[in-house]
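The values are calculated or read from the model by the stated rules, or taken from the named source; none is laboratory data. Not measured: the values here are computed from a predicted model. So basically every Cβ, Gly included, is an ideal-geometry build from the backbone, and we count neighbours across all protein chains shown. Keep in mind that these areas ignore ligands, DNA and RNA; they rest on the heavy atoms of the full protein, side chains included. Shrake-Rupley method; radii C 1.70, N 1.55, O 1.52, S 1.80 Å.
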Amino acid sequence: NYAAANMFLDALAARRRARGLAGVSLAWGFWAERSDMTGHLGEVDMARMARFGMTPLTADEGLALFDAAHTTDDALLVPTRMDVAVLRAHARPGTTPALLRHLIGAPARRVIDAAADDQGGATALVRRLMDLSRSEREDVLLALVTDHAGAVLGHTESDAIAPDRAFSDIGFDSLTAVELRNRLNAATGLRLPATLVFDYPTPTAVARHILGEVMGSVQAAAETPALDRTRATPPVRKATTDDEPIAIVGMGCRFPGGVRTPEELWQLLISGGDAISGLPDDRGWDLEGLYHPDPDHRGTAYAREGGFLYDAGDFDPEFFGISPREALAM
């Protein structure tokens with residue numbers, strides 16, 4: 001909702017400018033003295049932003065940029081403070097964000113084939129892996145993943161990242177996930193997806209995925225005829241098509257009103273049925289003590305009816321890894 005609201009305001013400013021009216025949208029960088037904008041950011045977040053050249057604006061700098069915004073004809077501006085030297089440092093490994101490359105004149109990042117470098121030989125990483133056993137290869141790549149994961153989170157000790165602990169449990173979010181992906185792309189020469197840590201939720205899983213990608217590229221290059229390997233144009237993967245229609249084998253659902261199938265749900269809708277019922281007596285609730293006619297009375301409910309799943313009391317919470325209290329609230 002926050003992104004959508006900002007997009008709407010950006011479009012509104014552009015529309016007004018196009019019609020000759022006043023309007024400007026400012027996509028602010030963060031201010032050092034605005035607690036409401038930076039108070040929710042921890043040290044790890046601040047360090048991550050600094051690593052990519054984003055530094056906080058002082059009040060004087062922010063006000064000066066606000067005044068400067070009124071002197072331009074642009075509908076959208078980004079008043080922020082960037083450390084250009086840090087951006088240039090990211091240019092060599094190719095981790096400068098695409099949006100900021102024009103600030104330093106950095107070329108677009110080139111995706112390197114993990115099986116070969118510019119001279120047609122194996123990269124240093126591949127050459128190192130080729131001389132190792134599978135378990136040793138996994139150890140090398142696991143160390144690579146945990147080192148970069150630790151750096152993203154601001155850890156200084158190499159063993160701070162547990163190999164089999166989920167990224168989501170050690171502090172990774174969507175932003176740090178992308179930063180880790182970018183680091184691993186630069187280190188391996190692969191084109192890993194932005195959803196890497198969600199598709200492979202532990203460092204061990206990521207390391208094994210990278211091993212499969214790297215060694216798969218090596219095998220594919222080895223099986224390519226020598227004449228083809230000398231060509232500058234990479235091989236084109238032919239997309240497969242399938243004209244068969246999608247077949248829905250089956251569907252299931254559970255809704256209030258005793259609905260167990262899509263057909264029952266549809267029948268409830270077209271008949272105008274009522275899915276509201278009395279409070280269930282199989283949840284362990286104190287039904288008499290729960291009710292109070294005053295809506296403002298704390299700790300009670302002023303309604304005796306609601307939409308409940310009839311058989312939710314038979315649900316097995318342990319099987320799905322949730323608490324019994326959460327299950328009974330359904």
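Size check on the range 257-313: the Cα extents along the three principal axes, sorted descending, read 40, 23, 12 Å.
With all protein chains kept in place, the per residue accessible area of the range 138-208 amounts to 46 square angstrom at a probe of 1.4 angstrom.
In a fully extended conformation the segment linking ARG15 and ARG304 would gain 98.9 nm over its present Cα-Cα distance, using 0.36 nm per residue.
Approximating the spin labels as points 7 Å out from Cα along Cα→Cβ, the GLU136-to-SER323 distance works out to 5.0 nm. Peptides 169-182, 76-89, 303-316, 281-294 ranked from most to least packed give 169-182, 76-89, 303-316, 281-294, packing being the mean of other C-beta atoms within 10 angstrom over each peptide's residues. Distance between the modelled labels on MET46 and MET7, one decimal in nanometres: 3.2 nm (7 Å Cα→Cβ projection). Under a 5 Å amide H cut-off, with hydrogens placed 1.01 Å from N, TYR291 pairs with ALA301 among residues at least 5 apart or on other chains.
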